Amino acid sequence: MKIRKAVFPVAGLGTRVLPATKAMPKEMLTIVDKPLIQYVYDEAREAGIEHFVFVTGRNKNVIEDHFDRMFELDATLAARGKKAEQDILAQNQPEAGAVSFTRQQAPLGLGHAVWCARDIVGNEPFAVVLPDELVLNTPGCLKQMIEMASSLGEKSNLIAVEAVPDHLTHQYGICGVGKRSGKMFEVDGMVEKPAKGTAPSNLSITGRYILQPEIFKILETQERGAGGEIQLTDAMIGLSKSQKFYGVEFEGERHDCGSKPGFLRANIAYGLKRPELRDGLIAEMKKYLGH
């Protein structure tokens, strides 16, 4: 099963990190020195994705600009002999025609955002990557999933899962666990935010998916669910009646950068992974911790 395209839903309002997102897309908030969207783009590219589909909304044009060439900046860097900076920009530059943008005109939920990409994705399996969730690991989460997908049938779907405390399962989409094979298992049912004490497991559905194109037909008529939005989990439950779903317990540390504590934690974690920043960051942290 070849996965060529990835969908990035980036139309959200980022209300959990206001006021930072009043005029700036949350996907452009920086972790150390790169915006969130760059991290997930890099993860997808590492996984072999060839076409990157961004579902945007109002006030998101800067994301499109980020993946475009800036001739004035290139010329200025060249004139000042800043080759290292030029090389960084060149590494981040997608190939011509590899990036597409489409609009989600109303905030109708993740499922609706994915449906908005239907004509660009076409009739082939695809990945969905949520930009406000980072996974710190090499290889990245999506590459792990695509490698596991290679051993499955052509009409298989995969979701990345992570264990959460039992008393918090009511806050997440949760999947049931069927037959296991190492870090992968057959999904035995899914439920969005189950009532306390009713969750089939403690494995939550996280922000990485590999889905078959038949999901679009279901999303087209999907009724609104939790929060009055069209939920992707509800559509996956519908698709699971005719196709297999597999859960992947990925290697790596997940960071929810859509919350303020998660955003701060991610900056620390990614900063500590940078050899040129690690010692200085530890020294500064010790000052604040009184050590």
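Are any residues in segment 242-291 closer than 30 Å to residue 181 by Cβ, open to solvent by 30 Å² or more (accessible area, probe 1.4 Å) and not small (Gly, Ala, Ser), and if so, which ones? Passing the criteria: 244, 246, 249, 251, 253, 254, 256. The residues in segment 170-180 that are free of Cβ contacts under 8 Å to residues at least 40 places away in the same chain and part of a strand (DSSP E or B) can be counted, and the count is 5. In segment 64-76, the residues that are under 10 Å from residue 89 (Cα atoms) and open to solvent by 100 Å² or more (accessible area, probe 1.4 Å) form no Cβ pair under 7 Å with any partner that is part of a helix (DSSP H, G or I) and at pLDDT below 80, whether six or more places apart or across chains.
Does any residue of segment 160-169 turn out to be open to solvent by less than 20 Å² (accessible area, probe 1.4 Å), in a loop (DSSP other than H, G, I, E, B), over 26 Å from residue 35 (Cα atoms) and out of contact with any Pro (no Cβ under 7 Å at 6 or more places or on another chain)? Checked segment 160-169: at least one residue is open to solvent by less than 20 Å² (accessible area, probe 1.4 Å), in a loop (DSSP other than H, G, I, E, B), over 26 Å from residue 35 (Cα atoms) and out of contact with any Pro (no Cβ under 7 Å at 6 or more places or on another chain). Just so you know, in segment 29-63 the residues that are of a type in the set (A, V, I, L, M, F, W, C) and part of a helix (DSSP H, G or I) include one that is surrounded by the most Cβ atoms within 10 Å (Cβ to Cβ), and it is 40. A Cβ distance below 6 Å, combined with a sequence gap of six or more or placement on separate chains, defines the contacts here; from segment 257-286, residues that are free of Cβ contacts under 8 Å to residues at least 60 places away in the same chain reach residues that are assigned to a helix (DSSP H, G or I) and open to solvent by less than 60 Å² (accessible area, probe 1.4 Å) in the pairs 278/272; 281/271. Check whether at least one residue in segment 77-92 is among the polar types (S, T, N, Q) and open to solvent by 90 Å² or more (accessible area, probe 1.4 Å), and report yes or no. Within segment 77-92, one or more residues are among the polar types (S, T, N, Q) and open to solvent by 90 Å² or more (accessible area, probe 1.4 Å).
Selection of segment 229-241 for residues being open to solvent by less than 40 Å² (accessible area, probe 1.4 Å) and within 19 Å of the chain's Cα centre (by Cα) yields 230, 231, 232, 233, 235, 236.
Among the residues of segment 232-267, those that are in contact with a Leu (Cβ under 8 Å, 6 or more places away or on another chain) and farther than 17 Å from residue 132 by Cβ comprise 235, 236, 239, 244, 245, 246, 247, 248, 249. Scanning segment 189-228 for residues that are at pLDDT below 90, buried (at least 17 other Cβ atoms within 10 Å of the Cβ) and over 20 Å from residue 177 (Cβ atoms) yields 222, 225. Restricting attention to segment 12-28, the residues being modelled with pLDDT of 85 or more, assigned to a loop (DSSP other than H, G, I, E, B) and either within 15 Å of residue 64 (Cα to Cα) or open to solvent by less than 80 Å² (accessible area, probe 1.4 Å) (or both) number 2. The conditions of being among the basic types (Lys, Arg) and over 22 Å from residue 273 (Cβ atoms) are not met by residue 45. For first residues located in segment 31-52 and under 25 Å from residue 124 (Cβ atoms), partners that are assigned to a loop (DSSP other than H, G, I, E, B) and aromatic (Phe, Trp, Tyr) and lie 6+ apart or on another chain with Cβ distances below 9 Å form the pairs 37/67; 41/67; 52/67.
The values are calculated or read from the model by the stated rules, or taken from the named source; none is laboratory data. Note that the structure is predicted; figures quoted are calculated from it, not measured. FYI the Cβ positions are ideal-geometry reconstructions off the backbone, even for glycines, and counts take in every protein chain you see. Remember, those area values only see protein heavy atoms, side chains included, never the ligands or the DNA or RNA. Shrake-Rupley method; radii C 1.70, N 1.55, O 1.52, S 1.80 Å.
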